[in-house]
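Shown next, in structure tokens, is the structure this report addresses.
Taken together, the values in this text are just the output of simple stated rules run on the coordinates, not laboratory data. The structure presented is a predicted model; accordingly, all values stated were derived computationally and were not measured. Cβ sites come from the backbone with ideal geometry, for glycine too, and all protein chains shown count toward neighbours.
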Amino acid sequence: MTKQPFGKDAWVEMFRVVGLDEAMMGRWHHEFETRWPAEHEKFLAWLGVPETDIGRIRSSARGTAPHP
Amino acid sequence: MTTALYTVGVLARSVGLTRSTLLYYDRIGLLPPSHRSATRYRLYGEDARVRLETIRTYRGVGLGITEIRALLGAHGGRTATILSARLDGLNHEIARLREQQRIIVQLLKNRTVLKRARALDKRKWVQILSAAGLDEEAMHRWHVEFEALAPESHQDFLESLGIPASEIATIRVWSRAHPSSQATEPSSPRRRRPTARSSRPAGGTR
């Protein structure tokens, strides 16, 4: 990545714009975490999410039911 | 203690300083020679050597000549005050360096994390988006938004998914040429209006 023009907030907004609501984003994190945990972590790090937040997001993603 | 006498050169060598440093310390009155020989050579006694060791120690922790002079003439509480101030200074400097270190690590991570180790391939990425509930139409909107918001990152992200350059070019043209928001709302300008758009029924096209 040569630039960091947006971080987590912009990414979330982009997802909202295309129609993902909170539940869908939760499901997205859950799918990402349960299928490819290492890739999920790398992706969050790329977005510039601080390490402590990455841990929090991932553990909550592991607990999120896929189809609430 | 005053039996041994050192010349400038001998004393300088014994503590690993240069002769000119000792001459400078004499000139500013920080370390005058203990004696002068009959031919006016500077001669230093053991007490001067001990004082010079102390000066060197203080220099080693980053204290300036003024502070060293104050320390050498100080006792008890005053010494502690000067050293504490220096310690505070060092702590601030360390904190500043740690922050710089943290930022650099973060910058390097951002820069290389996807390039060094591909996060996902295209198939996995599409699977996750589908599992989250995005259909083809929504994925197209996502490309359009990505291209409009941060074209360079869109390019980088597609590269990180291992998509060939020619296909990336096609995707990006498609993202610019057929903005789905115009197709569904011909009158609305291509602007970033997340609240307006997300208020549309999200599942309307599915």
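Inside 10 Å of the C-beta atoms of B:133-141, what's the mean count of C-beta atoms belonging to other chains? Mind showing how you got there, number by number?
Details: counts 9, 6, 1, 0, 2, 6, 1, 1, 4.
The per-residue average across the peptide is 3.
For residue B:6, which sequence-distant residues (separation of 5 or more, or a different chain) have an amide H within less than 5 Å of its own amide H, given hydrogens modelled in the peptide plane?
B:44, B:45
Convex hull over the alpha-carbon atoms of the stretch B:1-130: what's its volume per residue in Å³? Write out the running numbers ahead of the final one.
Details: hull volume 22.9 nm³, N = 130.
Hull volume normalised by residue count: 176 Å³.
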